[in-house]
Structure formats: structure tokens, C-alpha cells
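First the structure, in the form of C-alpha cells, and then the observations on it.
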Amino acid sequence: MDGILLLDKPAGVSSNQALQQVKRLYKASKAGHTGSLDPLATGLLPLCLGQTTKFSSFLLDADKRYRVTVTLGVTTDSADADGQVLETRSIDGVDADAVRDVLPRFTGCIEQLPPMYSAVKHQGERLYKLAREGKEVERTPREVHIFALTLLGFTPPTLELDVHCSKGTYVRTLAEEIGAALGCGAHVSALRRTGVGPYVEGETRFVTMADVEAAAEEGFAALDAMLLPLDTVLGHCPAVRLSADAAFYLRQGQPVLVPQAPTEGLVRLYAGQHEFLGIGVILDDGRVQPKRLV
């Protein structure tokens, strides 16, 4: 089976545990996720099955959306509710206006220091493993982009934010820094991923693990019906439809000239109207070069 499963990951399981369970239910030989979620987090975990794994990098690089609950006045060693409390401070004087005043500092291009409780590697070791051993190592700040940061609600000591950000953004670090800017500290107490690239909650149906288990009882037709076509990964790219001859040469790895094709960027490639071939890139001379084919 080839396609994308938009899994609504439950809290309390790792992304890999969720992936392995789905892989077993689908009896898939190839499967991968497109950016892990912490066990604490819930929400969208797109899983690529079969040929779709060839295109998983496009979702790994895609923008992400989150709804996050931040508890003010308490900092933890992991910056989330699973960590050990480091400090408790008063939140007197912090109101919704104060929160709105600091949020613009964290929009646009910003630098973040990867937290010790993260999957980033240092000399071959995951940072979270070092953190569990009580070690802290020097890390290099990374540039990320916060496209939008909106206050959804404030009921002391918690506030709720909607975050639209680039890949590689640590929402826990963002919450921690907002707490520091407010002078009281903070940690993430709940986190839900609501969007990855073209897939956004409310616009696309997410499926639960219970849905997948129920479909597995019905058989492979029910499982297959839950998958989105793999070309939906590239929905933001314009479609180019090829003649039989052009499709033949492109499958051989040769660039082809397509009338009225876009002048630049990535494109979705189809033989005729419906057969998805893969993704291509427009060369400087206007020809379409295959980049990754099914």
C-alpha cells in the first residue's frame, strides 16, 4: 500500500511506537514518520507508507502548526510537564496585555538554542540521553522562523497559543523564552500539532489509532481507504501533464520540454491526466528534469 496516513497521535506514546503499530496493522514493508512528536504531545503525525517514503522529506521540511498550553510561574528541566520542577515564581502583574506585548519579540526569524531534552546529536549521542545522565553540553543556536504567534486565551496561570512555524522550531523553548520575557518562567503543559504542510486540522480528517485498529479488523480495503494519495504531499507544487513520449523519456531520467510548463521551481509530474510519476524541477532552459520518481 502506498499513501499518507494522517494519524492523530495520542499522548503517552512516542512517534516511533505509533509508527510501528501502524506499520504492523498495515503489514507495510516500508513506513516512516515525517517529524517526531514528544510523548506528551498529541495531534498530527503524518505516516508515509510504501512508495510515499520517497517523498517524506517534503513533509519533514514543511511548516508546522501547533496549539500549545503554557503554564506560567513554573520552570522545569525539560521545559514541559514531564520534567522536574526547577523553580516556582509569582505571576503577579502578568495579564493578557503583558503577554501580547512580548509575543512580537518571538515572531519572524529568531535564533533558538536546542534544548538538552531533544533528539539533536552531540558527538553521536542524542542530547536527551546526555540530559538524563545529568550532563549538559555546548549547543549551537539555530535560526527558525515563527510566521504567526497568536494568543488564544489566558486563564492564570495558563495561556494558550497558536503557533505557525518553520521546521526545527522547539515549541518548548519558545514557551520557556516567553516565560523568561514575562519575568516568571514557564513550561509547556499541553501540546497539539494541528498542521504539517498542506494538512491542517479542520480542513483534512485526522484518524485515530482506534480508527486504524477498527479498519484492520475489516480488511485491507478499509485500511487503504484511510490513506491519502502520495501526490497530496506536493499539493503546493503546480501539476505538469506529459504526453506518452515525454513520460517515456522522463522515466529514463532525461529532461523533457513541456509546452506551457511553469518557468521555475518544483512541479508534480503526471503521465496523461491521472498517473502520478513523481516530482521534477524546471531547468534554466525551461525543460523539466525528473527529481524523484515513483
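The values are calculated or read from the model by the stated rules, or taken from the named source; none is laboratory data. The shown structure was predicted, so the numbers you read here are calculated from the model rather than taken from an experiment. Every residue, glycine as well, gets a Cβ built from its backbone with ideal geometry; the counts of neighbours run over all protein chains shown.
Okay, here's what the table says:
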{"item": "Subset tally (residues that are modelled with pLDDT of 95 or more, under 28 Å from the mean Cα position of the chain (by Cα) and of a type in the set (D, E, K, R)) for the stretch 77-100", "result": "1"}
{"item": "Number of positions in the stretch 14-32 that are in contact with a helix residue (DSSP H, G or I) (Cβ under 8 Å, 6 or more places away or on another chain) and either of a type in the set (Phe, Trp, Tyr) or within 20 Å of Asp82 (Cβ to Cβ) (or both)", "result": "2"}
{"item": "Residue match in the stretch 234-243 (condition: modelled with pLDDT of 95 or more, among the β-branched types (Val, Ile, Thr) and surrounded by 13 or more Cβ atoms within 10 Å (Cβ to Cβ))", "result": "no"}
{"item": "Given (1) under 16 Å from Met1 (Cα atoms); (2) at pLDDT 95 or above; (3) not small (Gly, Ala, Ser), number of the condition Val74 does not satisfy", "result": "(1)"}
{"item": "The lone exception for Ala222 - which of (1) under 16 Å from the mean Cα position of the chain (by Cα); (2) at negative phi it fails", "result": "(1)"}
{"item": "Options Gln254, Gln260: the member that is more than 27 Å from the chain's Cα centre (by Cα) and either surrounded by 11 or more Cβ atoms within 10 Å (Cβ to Cβ) or charged (D, E, K, R) (or both)", "result": "Gln254"}
{"item": "Test: residue in the stretch 47-61 that is in contact with a His (Cβ under 7 Å, 6 or more places away or on another chain), modelled with pLDDT under 95, closer than 23 Å to Glu143 by Cα and of a type outside the set (Asp, Glu)", "result": "no"}
{"item": "Strands (runs of 3 or more DSSP E) contained entirely in the stretch 148-248, each with at least 3 residues that are assigned by TED's automatic domain parsing to the domain that holds Val70 and under 29 Å from Ile110 (Cα atoms)", "result": "158-165, 186-196"}
{"item": "Filter result for Ile91 (of a type in the set (A, V, I, L, M), farther than 30 Å from Asp211 by Cα, outside the structural domain of Thr204 (by TED's automatic domain parsing) and part of a loop (DSSP other than H, G, I, E, B))", "result": "yes"}
{"item": "Residue that is surrounded by the most Cβ atoms within 10 Å (Cβ to Cβ), among those in the stretch 35-58 that are under 29 Å from Arg132 (Cβ atoms) and of a type in the set (A, V, I, L, M)", "result": "Leu47"}
{"item": "Output for the stretch 279-288, where each listed residue is of a type outside the set (A, V, I, L, M, F, W, C) and free of Cβ contacts under 8 Å to residues at least 24 places away in the same chain", "result": "Asp284, Asp285"}
{"item": "Candidate set from the stretch 205-231 (those that are buried (at least 16 other Cβ atoms within 10 Å of the Cβ) and β-branched (Val, Ile, Thr)); member that is farthest from Ile282 (Cα to Cα)", "result": "Val212"}
{"item": "Residue list for the stretch 263-280, restricted to those being at pLDDT 90 or above and surrounded by fewer than 17 Cβ atoms within 10 Å (Cβ to Cβ)", "result": "none"}
